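The values are calculated or read from the model by the stated rules, or taken from the named source; none is laboratory data. Everything numeric in this text was worked out from a predicted model, so none of it was measured. Counting neighbours? That spans all protein chains shown, and the Cβs are built from the backbone with ideal geometry, glycine included. Note: accessible area is taken over every heavy atom of the protein model, side chains too, but ligands, DNA and RNA are not part of it. Shrake-Rupley method; radii C 1.70, N 1.55, O 1.52, S 1.80 Å.
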Amino acid sequence: MTVSPVEHYVASSERPARNLRRNSLPSIVRELWGARDLVMQFVLRDIRIRYAQALFGFAWALLMPMLIVLSGLMFKLVISSLSGRPIEDNGIASLAVKSLPWAFFCGAISLSTQSIISYSGLIGKVYFPREALPLSAVIAQLFDLAVGTIAISIALLFLGVIPGASAFWALPLAVLFITFTTGMALLLSCANLFFRDVKYIVQVVLNFGVFATPIFFEPYMLGARGARILMALPLSPFIEGMNVAIVQGHSLLETVYVATAKGEVLAWSPWYLLYAMLTSLASVVIGVLVFRRFSGKFAEMA
């Protein structure tokens, strides 16, 4: 008889109750690693539901980035008309590159915020590391990110942008961004279980947050002070770093200035990379510990 991953995990993880309640970060990581087959089962289920049973199939993976790019083009057309300056290919390329991390973040946070409630029946019946639910939602969204990356890479060639060696900075930056997103997914999925209106607040923030991140415009357009404020927002270094490394062709260890009518404006600094590292680390550590701290109440709240 075939044993499901959930049954296999439950059967193979019998241990004293006191061990299941250990809240230290290393023990949580070990437990999640032991439940990796279960996590992948959740991931595959999410992907099958979203694509195998969808009318447009894999085309949905490109929908969000395409909508962001089209919206950004409309925004840039208005700015171009007011300023009298034409839209350059690099501007379109920057918009396309920066749409990917934002689309990934929106999709992962939207799915993970409601992940615990979606499996409320399972939570009340068997034990498994509850972190597996929001974590699987984030991992499932990586499929969209991979499809979008391939499409954007092809589009960059048509826009005349050939990424150089600096584009490899996108890899560690992507790892940091996924780590940050995972931490936020854990926090918001936990909060949504205790306060059911969190999912509505999240959707409002995601809908309008695109205007508070450097996607439709470049930070230097806000001036020196405005650029510093914008780059201080948690998502900005990840999104702008992709643009600096891939489209502009700068190493993230360089300090980049842009000449404007009001003088030079700092566009990128290695300190932004350090800031991204610190925020991603803080996000995942706090997210894991807070999630585990309250996971004992999930069964009664679900």
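Structural remarks
- Selection count where residues are of a type in the set (V, I, T) and within 14 Å of the chain's Cα centre (by Cα), scope region 276-291: 2
- Residue check for L171: open to solvent by 60 Å² or more (accessible area, probe 1.4 Å) and of a type in the set (A, V, I, L, M): yes
- Of the helices (runs of 4 or more DSSP H) lying entirely inside region 22-127, those carrying at least 2 residues that are touching a helix residue (DSSP H, G or I) at 6+ places or on another chain (Cβ under 6 Å), among the polar types (S, T, N, Q) and at pLDDT 75 or above are 89-113.
- Any hit, region 101-111, residues being out of contact with any Pro (no Cβ under 7 Å at 6 or more places or on another chain), surrounded by fewer than 20 Cβ atoms within 10 Å (Cβ to Cβ) and closer than 17 Å to L67 by Cα: yes
- Leading residue by the ranking (most open to solvent (accessible area, probe 1.4 Å)) among those in region 215-269 that are of a type outside the set (A, V, I, L, M, F, W, C) and within 22 Å of C106 (Cα to Cα): P234
- All positions within region 128-144 that are at pLDDT below 90 and within 22 Å of L156 (Cβ to Cβ): F143, D144
- Scanning region 204-214 for residues that are under 12 Å from G72 (Cβ atoms) and open to solvent by 20 Å² or more (accessible area, probe 1.4 Å) yields a single hit, F211.
- Among residues of region 188-247, those that are among the polar types (S, T, N, Q) and free of Cβ contacts under 8 Å to residues at least 12 places away in the same chain, counted: 1
- Here V256 clears all of (1) in contact with a helix residue (DSSP H, G or I) (Cβ under 9 Å, 6 or more places away or on another chain); (2) modelled with pLDDT of 95 or more except the condition numbered (2).
- Number of the exception - V284 against (1) in a helix (DSSP H, G or I); (2) touching a helix residue (DSSP H, G or I) at 6+ places or on another chain (Cβ under 8 Å); (3) open to solvent by 20 Å² or more (accessible area, probe 1.4 Å); (4) at pLDDT below 90: (4)
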